[in-house]
Amino acid sequence: MILAIQTMAIRGAPAIGVAGVFALAIHALQISQSHAASIQENLRAKAQQIVNARPTAVNLRWGIERMLTVIKDPQLAESVLADALKAEALAIVEEDVATNLRMAQFGASLIQDGDTILHHCNTGSLAAVDWGTALGAIRFAHKQGKHIHLLVDETRPRLQGARLTAWECLQYGIPFEVISDNAAGYYLHQGAVQKVMFGSDRVTANGDVVNKIGSYMLSLAAFANHVPVYPVFPLTTYDVKTASGAEVEIEERPAEEITAIQFEGEAVYPRGAKVRNPAFDVTPAELISAWVTDQGIVYPPFAQNMAQSIYNIKSSR
């Protein structure tokens with residue numbers, strides 16, 4: 001179960017939150033059937049283990065904290081706790097579907113007929129629930145009849161773009177081409193790209209965006225060539241408790257992802273070569289043109305405008 005959650009690092013942030021809540025719900029069912037003593041204490045320990053599996057992704061923590069409110073409910077008997085957690089997990093999934101559809105609609109409003117969009121990593125229905133995030137916006141624009149074209153970067157070393165995003169584009173009929181990561185700057189400099197879009201694993205209070213490794217370099221190249229950069233994410237990804245990206249723990253993945261040919265195990269580096277393989281990087285807020293969230297599009301200055309947006313949302317409820 002924990003391995004499955006760690007594996008979601010290959011895909012995307014919203015999915016990791018859903019994976020986490022279902023992991024806890026399944027564990028609750030298992031221990032209730034085994035008649036384990038102190039179910040609540042057992043679930044709290046498992047919840048912490050799940051959160052520790054992916055420290056970078058803030059959605060995982062958000063989802064588990066929501067499940068913990070069910071566990072802590074003094075009016076719930078332990079005999080019905082597993083069913084209550086299952087119900088909460090299913091509710092989170094349904095909410096995520098609606099959240100992702102709103103993001104898709106907002107994001108599509110930024111996409112013009114004829115645009116070529118450069119997309120990083122995998123952010124569609126394989127990464128999240130139903131629509132996804134950035135790819136959801138692109139898919140919605142395509143469904144609206146806009147004539148768009150997608151450049152899908154491979155997203156090394158796990159090739160989420162080449163393996164997952166390209167497959168999704170084939171299913172939806174979205175015109176695309178796969179490019180190597182280091183070709184992105186070339187196409188941006190040639191004026192062949194009108195938008196850069198990706199998801200996010202965490203957005204800090206000052207507007208820094210933590211996302212799949214390579215997002216920072218892509219954003220730098222886009223900024224230098226006056227191409228707007230749009231991260232697409234739900235508000236559950238906005239981490240107001242973390243001041244900036246410098247405070248975020250960046251996970252490192254196994255060296256074998258880099259040293260061997262993908263999925264074949266054939267070594268391509270000299271034996272003894274040292275490797276570093278961070279899974280994420282931080283894109284400073286000044287390189288971001290706007291956020292696409294489930295509550296609308298937010299422009300710089302992000303902290304100020306986000307605070308106002310949250311106030312407006314609360315006031316309307």
Discussion item. Looking at (1) under 13 Å from Gly17 (Cα atoms); (2) open to solvent by less than 10 Å² (accessible area, probe 1.4 Å), which one does Leu85 not meet, given that it meets all the others?
Written reply: (1)
Worksheet item: Which condition does Glu94 not pass, out of (1) open to solvent by less than 50 Å² (accessible area, probe 1.4 Å); (2) under 30 Å from Leu170 (Cβ atoms); (3) out of contact with any Gly (no Cβ under 6 Å at 6 or more places or on another chain), if it passes all the others?
Response: (1)
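Provide a single number: the residues in the range 258-288 that are among the polar types (S, T, N, Q) and either open to solvent by 40 Å² or more (accessible area, probe 1.4 Å) or at pLDDT below 90 (or both).
The initial filter retains those residues of the range 258-288 that are among the polar types (S, T, N, Q), namely 259, 262, 277, 283.
Within this subset, residues satisfying the condition of being either open to solvent by 40 Å² or more (accessible area, probe 1.4 Å) or at pLDDT below 90 (or both) are 259, 262.
Number satisfying all stated conditions: 2.
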Worksheet item: Failed condition for His147, given (1) in contact with a helix residue (DSSP H, G or I) (Cβ under 7 Å, 6 or more places away or on another chain); (2) at pLDDT 95 or above; (3) surrounded by fewer than 23 Cβ atoms within 10 Å (Cβ to Cβ), with all others met?
Response: (1)
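Name the one entry in Ser125, Ser180 that is among the hydroxyl-bearing types (Ser, Thr, Tyr) and under 18 Å from the mean Cα position of the chain (by Cα).
Values: Ser180 fails: under 18 Å from the mean Cα position of the chain (by Cα).
Checking each option against the conditions leaves just Ser125.
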Discussion item. I'd like the full set of residues that are farther than 16 Å from Phe106 by Cβ, modelled with pLDDT under 95 and open to solvent by less than 20 Å² (accessible area, probe 1.4 Å), limited to the range 120-136.
Written reply: Ala127
Worksheet item: Looking at the range 205-249, which of its residues are in contact with a Ser or Thr (Cβ under 8 Å, 6 or more places away or on another chain), open to solvent by 40 Å² or more (accessible area, probe 1.4 Å) and closer than 25 Å to Gln190 by Cβ?
Response: Tyr216
Worksheet item: Restricting attention to the range 150-204, which residues are open to solvent by 10 Å² or more (accessible area, probe 1.4 Å), of a type in the set (Phe, Trp, Tyr) and under 20 Å from Met103 (Cα atoms)?
Response: Tyr172
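Hey, among the residues in the range 28-50 that are touching a Leu at 6+ places or on another chain (Cβ under 9 Å) and modelled with pLDDT of 85 or more, which one's most open to solvent (accessible area, probe 1.4 Å)?
Keep residues of the range 28-50 that are touching a Leu at 6+ places or on another chain (Cβ under 9 Å), which gives 28-29, 31-32, 39-40, 43-44, 46-47, 50.
Then drop every residue that is not modelled with pLDDT of 85 or more, which leaves 43-44, 46-47, 50.
Numbers: Leu43: 0, Arg44: 102, Lys46: 37, Ala47: 3, Ile50: 0 Å².
Checked the range 28-50; the qualifying residue most open to solvent (accessible area, probe 1.4 Å) is Arg44.
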Worksheet item: Of (1) touching a helix residue (DSSP H, G or I) at 6+ places or on another chain (Cβ under 8 Å); (2) farther than 21 Å from Asp239 by Cα; (3) of a type in the set (A, V, I, L, M), Ala77 satisfies all except one. Which?
Response: (1)
Item to complete: Could you figure out which of (1) farther than 23 Å from Asp96 by Cβ; (2) in contact with a helix residue (DSSP H, G or I) (Cβ under 9 Å, 6 or more places away or on another chain) isn't true of Ala134?
Response: (1)
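The values are calculated or read from the model by the stated rules, or taken from the named source; none is laboratory data. All of these numbers come straight from a predicted model, not from anything done at the bench. Every residue, glycine among them, receives a Cβ derived from its backbone with ideal geometry; neighbour counts consider all protein chains shown. What goes into the accessible areas is simple: the full protein's heavy atoms, side chains included, and nothing from ligands, DNA or RNA. Shrake-Rupley method; radii C 1.70, N 1.55, O 1.52, S 1.80 Å.
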